[in-house]
1. If only one of 406, 401 is surrounded by fewer than 20 Cβ atoms within 10 Å (Cβ to Cβ), in contact with a Ser or Thr (Cβ under 7 Å, 6 or more places away or on another chain) and under 30 Å from residue 293 (Cα atoms), which one is it?
2. Being of a type in the set (A, V, I, L, M), at negative phi and over 26 Å from the mean Cα position of the chain (by Cα) is true for just one of 345, 368, 329, 378. Which residue is that?
3. Please determine, by comparing only the residues of region 375-432 that are touching a His at 6+ places or on another chain (Cβ under 8 Å) and touching a residue at least 60 places away in the same chain (Cβ under 8 Å), which one is nearest to residue 160 (Cα to Cα).
4. Need at least 3 residues that are within 30 Å of residue 120 (Cα to Cα) and at pLDDT 95 or above per element, so show me which strands (runs of 3 or more DSSP E) inside region 261-362 make the cut, counting only ones lying wholly within it.
5. Filter region 387-398 for residues that are surrounded by 12 or more Cβ atoms within 10 Å (Cβ to Cβ) and of a type in the set (Gly, Ala, Ser) and give the result.
6. Going through 86, 32 one at a time, which residue ends up being modelled with pLDDT of 75 or more, surrounded by fewer than 19 Cβ atoms within 10 Å (Cβ to Cβ), touching a helix residue (DSSP H, G or I) at 6+ places or on another chain (Cβ under 8 Å) and not acidic (Asp, Glu)?
7. When you scan region 385-407, do you find a residue that is in a strand (DSSP E or B), of a type in the set (D, E, K, R) and more than 18 Å from residue 266 (Cα to Cα), even just one?
8. Scan the strands (runs of 3 or more DSSP E) fully inside region 100-210 and keep the ones with 1 or more residues being basic (Lys, Arg) and in contact (Cβ under 8 Å) with a residue 12 or more places away in the chain.
Amino acid sequence: MALDEDKKRSVQEFFADDPEKADKEFFGRVANPDRRGFLKRTGLATMAAMVGTSIPFHRNMPIGFVPAAMAQENVLIGKDGLTLLNDRPVNAETPPELLDDAITPTSRHFIRNNGIPPEDVDPATWTLTIDGFVDTPLELTIADMREQFEVVTMALTLECGGNGRGFFNPPAKGNQWTYGAVACSEWTGVRLKDVLEKAGVQSNVVYTAHYGADGHLSGDPDKLPISRGVPIAKAMTDNILIAFEMNGDALHPMNGAPLRLVVPGWPASTAQKWLTRIELRDQVHDGPKMTGTAYRVPAYPVSPGQDVPKEDFVIIERMPVKSLVTFPANNTDIGAMETEVRGHAWSGDRTVSKVEISTDFGSTWMDAELDAPVNDGAWQNWRANVTFPQAGYYEIWARATDSEGTMQPFAIDWNPKGYLNNTMHRVGVRAS
């Protein structure tokens, strides 16, 4: 269920009119016959993840009850200023100005869920299975991974394939992300490549298949909400991690605790959260969100609103070149005639070679100072100083060019699912 503007502002408003219905839609909760607690614990995992821990006395909670920890403006515990786009499953993005840090704090990392988070996320008992076409199937605890493989920390960029969907016209179905379904946090874990090499990748393997412990929205235990994968060549690169820490601490419950994949440069849907199994397959994986039109775009340009046959869609792999202005914020009165402008840029499996800034609606451009990525898979930070010729309204435009010479466009072709929107970011300011 997508939240309307009022419900984005207040959980209380969401529950006021019909608390029983709201309970079910927000948490997936079904109450016991006495209208207290969770029938068969349905929805308890979602509520526990939102408050950041288990709820020992949940049986005493009346229907339509909003935990006090969620009763203020910050709906999602441990998440600072995120905009809630969807309540079931929970999806939330970060306003661009809150992404100003070179490394995204956990509190400002976006949330993209497809199902209901698992309830039992004890890292001490969590296991990961590696099977399929391998020489030696593995079952590893997190402690096993720490002991048997090199533990590494890397800054890695994750971006939802639908980031920017809210700007498509005609509208595309799905979460109406604007700019904030992207982040670059520091992740600690072991390389997927190292684990697969220990299992022994057989010669007929072409694709991985990723499985998590989250439940389907329907409550059917036999259905998976999402199970995606990547070509084996991508899986064997050096910067895909099986991660158990985020920014030097445990993963946030809504970011996949206690174990997840981090696949930089490709749609974040390939970076399975609550990871329990990786299967090596001799065909392109056909799990949920891998077939039909999910995370796919037409193989050729199409007209806005055009109906495209399913067989003409191709799987999204690397994400396109993109930049983001994180300072100043949009619609800001800077109170001066000059300002620093800064932000980030990234481009799938490539690096960014140049970021340019325009303050005259694209008539002229100036180069920004661009940092190299701190490691392969991290976004690149950039900055520039701009001076305005007179008081008034200006727009700051940013565009990036990647290592293959591909430049971020002013506008992109429409596609039915609203994926891969990498149009230039524009920020309006008033100089005085």
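1. On the way: 406 fails: in contact with a Ser or Thr (Cβ under 7 Å, 6 or more places away or on another chain).
Answer to the selection: 401.
2. Details: 345 fails: over 26 Å from the mean Cα position of the chain (by Cα); 329 fails: over 26 Å from the mean Cα position of the chain (by Cα); 378 fails: over 26 Å from the mean Cα position of the chain (by Cα).
Result of the check over 345, 368, 329, 378: 368.
3. Just the residues of region 375-432 that are touching a His at 6+ places or on another chain (Cβ under 8 Å), to begin with: 379-382, 397-398.
Cutting the leftovers down to touching a residue at least 60 places away in the same chain (Cβ under 8 Å) gives us 379, 381, 398.
Numbers: 379: 14, 381: 19, 398: 20 Å.
Among residues in region 375-432 that are touching a His at 6+ places or on another chain (Cβ under 8 Å) and touching a residue at least 60 places away in the same chain (Cβ under 8 Å), the one nearest to residue 160 (Cα to Cα) is 379.
4. Values: elements: 275-281, 296-298, 313-315, 322-327, 338-346, 352-358.
Filter on region 261-362 gives 275-281.
5. Scanning region 387-398 gives a single hit, 398.
6. Values: 86 fails: touching a helix residue (DSSP H, G or I) at 6+ places or on another chain (Cβ under 8 Å).
From the options 86, 32, the qualifying one is 32.
7. As a first pass, look at region 385-407 and keep what is in a strand (DSSP E or B): 385-387, 392-402, 407.
Now narrow it down to the ones that are of a type in the set (D, E, K, R): 395, 399, 402.
With the extra rule that they be more than 18 Å from residue 266 (Cα to Cα), the set shrinks to 395, 399.
Among the residues of region 385-407, at least one is in a strand (DSSP E or B), of a type in the set (D, E, K, R) and more than 18 Å from residue 266 (Cα to Cα), which makes the answer yes.
8. Numbers: elements: 127-132, 138-141, 151-159, 182-191.
It comes to 182-191.
The values are calculated or read from the model by the stated rules, or taken from the named source; none is laboratory data. Fair warning: this is a prediction, and the values are worked out from it, not measured in the lab. Cβ coordinates were reconstructed from backbone atoms using ideal geometry, including for glycine residues, and neighbour counts include every protein chain displayed. Surface accessibility is based on the protein's heavy atoms, side chains included, excluding ligands, DNA and RNA. Shrake-Rupley method; radii C 1.70, N 1.55, O 1.52, S 1.80 Å.
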